[in-house]
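Single-structure report; data block below.
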Amino acid sequence: MTPLTPSSPLTPFTPLTPSLTRRPPCTLLRHEHRVVGTYVHRPELPGTVAPRPYLHPVRTLGGATVTAHLGVSMAIPEVAGWNFRGGPGRREHHGRQRHLSWLLRDPDGFVEELSWTAGGRQLLLERRTVAVRSLGTECWALDFTSALTNVTGEEIALGGADHGGGFFWRVPRRPEPAHVFSADGEGEAAVHGRPADWLALATDDWTLVFVGATGDTRADPWWVRTGDHPGIGSALTWQHPLSMPPADTVTRRIVTAIADTHLSHPAAARLAAHLSDKGAAV
């Protein structure tokens, strides 16, 4: 990515064919000249889903879609008592993530500021960095960093017991569940709720390799579901809330390799080693 100048054009969302349906503002992400992702930065969503920007669809270089509704986003079930994940409950109890500004915006990525607000009050200021990285002719990587700053002037807590929350990737539902494995185990029961340097979700058509690219990120447990409503999350909290003093910043970085084939355990491990910050350039 290169810095924006005041005259740099913003990338619009331009449908290939006219539509009578109003579309929310979007930014297209490109790998070279190929569109591989759509970022909806001002979504039109009901309050009960805790409206938030998201990446969907995200595609392999071969065109396979690897995200489902709400795609890739930051979703935390509790921030200072407010729900930023959505779901059942009182509508007025849900918060909202609102796009504030672009600090950088290029075809292969962006840096954005967002406000996490609830009850007429700003709780968190987020700086989000998303970049497309090339990994060859059959694979690319989505580099996602979130830096959350407590702007309330008082100590707050993120999450709660057994709630998880943080980076989350919804994947398309399939007749047969995807195969999930990590550096330390295989199968949903072996990887859910446990930290691992990396985790892979593989189908016959594609593989996602999720890599914790900082020490703090690798220490977080993985949230894994492969059956109904499948998805992968990197949990900021698990058994206990995460306390944030005033002006404290919590940063997490996930780099996800997106391959057009079913990767073996050794192949996924090699990709993960390349994408991690442990002895590799990122």
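Just one of Ala267, Ala272, Ala257 is outside any loop (DSSP other than H, G, I, E, B), among the small types (Gly, Ala, Ser) and touching a helix residue (DSSP H, G or I) at 6+ places or on another chain (Cβ under 6 Å); which is it? Even if it seems obvious, please write down each step before you answer.
Working: Ala267 fails: touching a helix residue (DSSP H, G or I) at 6+ places or on another chain (Cβ under 6 Å); Ala272 fails: touching a helix residue (DSSP H, G or I) at 6+ places or on another chain (Cβ under 6 Å).
Being outside any loop (DSSP other than H, G, I, E, B), among the small types (Gly, Ala, Ser) and touching a helix residue (DSSP H, G or I) at 6+ places or on another chain (Cβ under 6 Å) holds for just one of Ala267, Ala272, Ala257, which is Ala257.
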Legend entry - Residue under evaluation Ala196, criteria (1) without any contact (Cβ under 8 Å) to a residue 40 or more places away in the chain; (2) out of contact with any helix residue (DSSP H, G or I) (no Cβ under 9 Å at 6 or more places or on another chain), criterion not met: (2)
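Can you tell me how many residues within region 116-128 are buried (at least 16 other Cβ atoms within 10 Å of the Cβ) and either in contact with a helix residue (DSSP H, G or I) (Cβ under 7 Å, 6 or more places away or on another chain) or farther than 17 Å from Phe144 by Cβ (or both)? Outline the logic, then answer.
Of all residues in region 116-128, those buried (at least 16 other Cβ atoms within 10 Å of the Cβ) come to 116-118, 123-128.
Remaining after also requiring either in contact with a helix residue (DSSP H, G or I) (Cβ under 7 Å, 6 or more places away or on another chain) or farther than 17 Å from Phe144 by Cβ (or both): 117-118, 123, 125.
Count: 4.
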Inset, instruction - Tell me, yes or no, whether region 59-75 has at least one residue that is more than 16 Å from the chain's Cα centre (by Cα), assigned to a loop (DSSP other than H, G, I, E, B) and free of Cβ contacts under 8 Å to residues at least 60 places away in the same chain. - result: yes
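Is it the case that some residue within region 186-200 is out of contact with any strand residue (DSSP E or B) (no Cβ under 7 Å at 6 or more places or on another chain), among the charged types (D, E, K, R), at pLDDT below 95 and surrounded by fewer than 15 Cβ atoms within 10 Å (Cβ to Cβ)? Quick ask: steps written out before the conclusion?
First, pick out the residues of region 186-200 that are out of contact with any strand residue (DSSP E or B) (no Cβ under 7 Å at 6 or more places or on another chain): 186, 189-190.
When the remaining residues are screened for being among the charged types (D, E, K, R), the result is 186.
Pick out the ones that are also at pLDDT below 95 and you get none.
Within region 186-200 (the criterion being out of contact with any strand residue (DSSP E or B) (no Cβ under 7 Å at 6 or more places or on another chain), among the charged types (D, E, K, R), at pLDDT below 95 and surrounded by fewer than 15 Cβ atoms within 10 Å (Cβ to Cβ)), the answer is no, since none of the residues qualifies.
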Legend entry - Among (1) closer than 28 Å to Val209 by Cα; (2) at pLDDT 90 or above - the single one Gly86 does not satisfy: (2)
Legend entry - Pick from region 133-155, criterion buried (at least 22 other Cβ atoms within 10 Å of the Cβ) and among the aliphatic types (A, V, I, L, M), ranking: farthest from Gln97 (Cα to Cα): Ala141
Legend entry - Subset of region 228-254 [outside any loop (DSSP other than H, G, I, E, B), aliphatic (A, V, I, L, M) and more than 15 Å from Trp169 (Cα to Cα)]: Leu242, Met244, Val250
Legend entry - Members of region 26-48 that are surrounded by fewer than 17 Cβ atoms within 10 Å (Cβ to Cβ) and outside any loop (DSSP other than H, G, I, E, B): Leu28, Arg30, Arg34, Val35, Gly47, Thr48
Inset, instruction - Can you confirm whether region 160-174 contains a residue that is in contact with a Pro (Cβ under 8 Å, 6 or more places away or on another chain), exposed (fewer than 15 other Cβ atoms within 10 Å of the Cβ) and at pLDDT 95 or above? - result: no
Inset, instruction - Could you look through region 215-248, keep only residues that are surrounded by fewer than 17 Cβ atoms within 10 Å (Cβ to Cβ) and within 18 Å of the chain's Cα centre (by Cα), and pick out the one that is modelled with the lowest pLDDT? - result: His229
Legend entry - Criterion: surrounded by fewer than 20 Cβ atoms within 10 Å (Cβ to Cβ), closer than 30 Å to Gly136 by Cβ and either modelled with pLDDT of 95 or more or among the β-branched types (Val, Ile, Thr) (or both) - qualifying residue of Thr5, Thr65, Thr60: Thr65
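The values are calculated or read from the model by the stated rules, or taken from the named source; none is laboratory data. Computed from a prediction, not measured in an experiment: that's the story for all the values here. Backbone-built Cβ (ideal geometry, glycine too); neighbour counts: all protein chains shown.
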